[in-house]
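Novice: After the structure tokens below, expect a handful of questions from me.
What follows draws every value from the coordinates through simple rules; no lab data is involved. The structure displayed is predicted, hence computed values, not measured ones. Positions of Cβ are backbone-derived with ideal geometry, glycine not excepted, and every protein chain shown enters the neighbour counts.
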Amino acid sequence: MTARHLLRHSPAASEILTKWTCEHRDSPYPTAAEKETLRGLTGLNVRQLNTWFANYRRRKQAGRPSKDTSATTPQLVTDAIENEPDTQAVPEQETSLLLQGKKFQCTFCTDTFSTKYDWTRHETSCHIPLKRYICCPFSAVQQCASTGNQICAYCGLTSPTSEHIASHNHDYCQSREPNARIFLRKDHLRQHLRSVHECGMLPHMDDWLLEAAWVNSRCGFCGERFTTWNERNEHLASHFRDGYHMGMWKGCRGFDGAVSAQVIAAMPPFLIDLERLRPFPFSASNAKRGPGLPQNRSWEFLVAGLHRLVKYRASQSRPVSDQDLQDEARLLTYGSSTADIHTAADNPEWLDLFKKAYSLGILTCLTEGQEPYTAEDLEVYHDLGIAIPSLSQEQRTSALLVLFQNDGPIPKAYRRFSASRVPLQKALPFETISGPWPDAVGVPKDTGSRA
Ligand SMILES: [Zn+2]
Ligand SMILES: [Zn+2]
Ligand SMILES: [Zn+2]
Ligand SMILES: [Zn+2]
């Protein structure tokens, strides 16, 4: 079994074995029959199984459930590699072995692609819909491209009267909220035309597909910021060609709230590399776990659980340490606070973000159904890996308007986090808040305050 092979199988195997040890804590020595069963479940051979248990007991005796909180590779995997005599240590760079030549990596899920075209198409079709059909975005009377005649935008009738235009319910539709006239799919526009305007699709309506070009974002490899989607894609593509992978990504995607509100099926970008090692990594293109299913549940569950812990401790005026949060995360995820597997809480960036989100009060909507969030906070939800709570009609409308007005760079390129907004007593439940919020680095002071 090669290191490559072992790496691919170890995370699933480790989870199975850890679960077994949790259930047999008093005596973590499997019988011959149990070993046979575990071999069947994990695909490991006898020697690998024995090595794993020896490691497990050694760690348990040493009392170090999980020391290296900065590592993004689960300790078990590296240990398994270290203890495999016929394999060599795998350099850090190769922890993303599973990419297998697919250089271009989705920044929303664990999918990877061999071409830039496939990568960008995946991101815009599965995660961030930047193209929308808008009903009659121009005038109701248009010039026909082939004949030059004035025609009705709905049915193509030459020289239409104002009564004719009115008969298509033009004013009614135009007066509605933008999101009642904006459609993700062509067949939705067709349906709308039939039911509201009593007409069908005509060739000139292909021009009604509008693309949002101005999108603020950032690069998680070098921190550079962009105002257009193309600029961002060109930049990230060159990083990927140079061998960068999502294990090197730091911080958020840098979207404004308006864009974040459109994002679907997204996980924290800086956890993607860790997620690849799990048995069923979060993937938007995997049909069984595709968009529409509650893919974010595991992080939501974790955030809600940790939130409960912090609130409980706060009610007793007891602070919460990083270790408390990490142990609780393991308990919530694997049923044991001593399980030797990393959770999102072992990623310092995620943990920091959780504390910030707690202090900003945006987590209460998860557990108490309140709506304390504002447009600027929306990306925090994605960065934590939880779905944005349903927006009000007004918020949806303004989000869409910002995205599709397309008249130049969108201002407020920075998410406006401010340390001063966090009331001191709210920040107190944590013993430490370590390090600055990664995205706050380089944010000009004058944009850093929020009313
Ligand atoms: Zn994806
Ligand atoms: Zn319409
Ligand atoms: Zn007409
Ligand atoms: Zn960069």
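Novice: Sorting 380, 320, 46, 141 on the 10 Å Cβ count, fewest up front, what's the list? Could you put the intermediate results ahead of the total?
Specialist: Values: 380 25, 320 21, 46 11, 141 17.
With the fewest neighbours first, 380, 320, 46, 141 line up as 46, 141, 320, 380.
Novice: What order do you get for 146, 359, 285 when you list them from fewest to most C-beta neighbours inside 10 Å?
Specialist: On the way: 146 7, 359 22, 285 16.
Lowest to highest Cβ neighbour count: 146, 285, 359.
Novice: Once segment 131-211 is represented by equal point scatterers at the alpha-carbon sites, with solvent omitted, what log10 I(q)/I(0) does the Debye formula produce at q = 0.22 Å⁻¹?
Specialist: Result of the Debye calculation: -1.05.
Novice: Tell me, 383, 327 in order of fewest to most beta-carbon neighbours within 10 Å?
Specialist: Going from sparsest to densest Cβ surroundings: 327, 383.
Novice: Looking at this model, which pairs from 103/356; 131/250; 35/355; 186/355; 102/131 are more than 31 angstrom apart at the alpha-carbon?
Specialist: 103/356; 35/355; 186/355
Novice: Out of 191, 153, 173, whose Cα points farthest toward the positive end of the dipole of segment 131-211 (charges: +1 Lys, Arg; -1 Asp, Glu; placed on Cβ)?
Specialist: 191
Novice: Step through the residues of segment 227-243 one at a time and calculate ³J(HN,Hα) from phi using the Karplus curve (6.51 cos²θ - 1.76 cosθ + 1.60, θ = phi - 60°), rounding each to whole Hz and writing x for Gly and Pro.
Specialist: Listing the rounded values in order: 10, 10, 5, 4, 4, 4, 5, 4, 5, 5, 4, 5, 4, 4, 5, 7, x Hz.
Novice: Show me 158-168, 273-283, 179-189 ranked by packing, highest mean number of other Cβ atoms within 10 Å first.
Specialist: My ranking of the peptides, most packed first, is 273-283, 179-189, 158-168.
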